[in-house]
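The values are calculated or read from the model by the stated rules, or taken from the named source; none is laboratory data. From a predicted model like this one, the values you see are computed outputs, not experimental measurements. Quick reminder, even Gly has a Cβ in these numbers, built from the backbone with ideal geometry, and neighbours come from all protein chains shown.
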Amino acid sequence: MVIGGRTNDPEGMRRKIIDASFAVMSRDGYTASSMHHLRDASNVSSGAFAHHFPSKKALGLCVIREGIAPAVADAWIIPVSRATSAPAGIRDAFCTIIAELERNGSVSGCPLNNLAVELSSHDPELRLEMDAIFQNWRAAIASKLRDDLDAGLASDLDPQKAAMFVVAVYSGAMTMAKASQTAAPLLDSLSELINYFRLSYRPDAI
């Protein structure tokens, strides 16, 4: 709708704020990102910003639900679910992320892991939202592992525990990559994860 020569797009405005805030919080963290800073990054008026997000927590919840959750789905859940096997999908996810880090020349870390470390002991509602994303992430990997077991691609493997292991390895490797500002921890961790899956998978399924 156009009003007085300007476009009235409340949902587009809201999306713009969430996207800009996701980028800022991913880089600087939740605590260091002031509402003033987030508003400036969104390039919207104070009134529009306050209308959509009257509090920082309200904005933070939306960033988690509508920014971080889809990012995890795009980076991990979709590649794993579409792959020929769980190890192939895990390799694809790692390699895509590693390639992006090497193109960027810097490592800001995993947005979910960054906020989980920063906020989990401070706000129960934010913590539960982040835990739900971790649960969905693990569930997607476990589901693919179960499919592989049913298809005879693997044996002697606990899907739930293996999925937990994969997410834990990736999260730890990304934290070390952020500290070292190199993708080397991710490369080494991927190599060892593939060795781990070789213990349970047929050679042609890795």
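Numbers at a glance
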quantity: So ARG138, is it of a type in the set (D, E, K, R), assigned by TED's automatic domain parsing to the domain that holds ALA86 and free of Cβ contacts under 8 Å to residues at least 12 places away in the same chain; calculated: no
quantity: Meets criteria (surrounded by 20 or more Cβ atoms within 10 Å (Cβ to Cβ), of a type in the set (A, V, I, L, M, F, W, C) and within 24 Å of ASP204 (Cα to Cα)) for ALA140; calculated: yes
quantity: Residue match in the stretch 112-122 (condition: out of contact with any Cys (no Cβ under 8 Å at 6 or more places or on another chain), assigned by TED's automatic domain parsing to the domain that holds CYS95, within 19 Å of SER81 (Cβ to Cβ) and in a helix (DSSP H, G or I)); calculated: yes
quantity: Condition met for GLU192 (of a type in the set (Asp, Glu) and within 24 Å of ALA73 (Cβ to Cβ)); calculated: no
quantity: Set LEU145, LEU186, LEU126: member being buried (at least 20 other Cβ atoms within 10 Å of the Cβ), closer than 23 Å to TYR30 by Cβ, of a type outside the set (S, T, N, Q) and assigned by TED's automatic domain parsing to the domain that holds ALA99; calculated: LEU126
quantity: Filter pass, ALA86 being surrounded by 14 or more Cβ atoms within 10 Å (Cβ to Cβ), touching a residue at least 24 places away in the same chain (Cβ under 8 Å), in contact with a helix residue (DSSP H, G or I) (Cβ under 6 Å, 6 or more places away or on another chain) and not assigned by TED's automatic domain parsing to the domain that holds PHE197; calculated: no
quantity: Residue within the stretch 57-65 that is without any contact (Cβ under 8 Å) to a residue 40 or more places away in the chain and surrounded by 19 or more Cβ atoms within 10 Å (Cβ to Cβ) present; calculated: no
quantity: Residue that is surrounded by the most Cβ atoms within 10 Å (Cβ to Cβ) [pool: residues in the stretch 98-114 that are out of contact with any helix residue (DSSP H, G or I) (no Cβ under 6 Å at 6 or more places or on another chain) and of a type in the set (A, V, I, L, M)]; calculated: LEU101
quantity: Failed condition for ASP147, given (1) at positive phi; (2) assigned to a helix (DSSP H, G or I); calculated: (1)
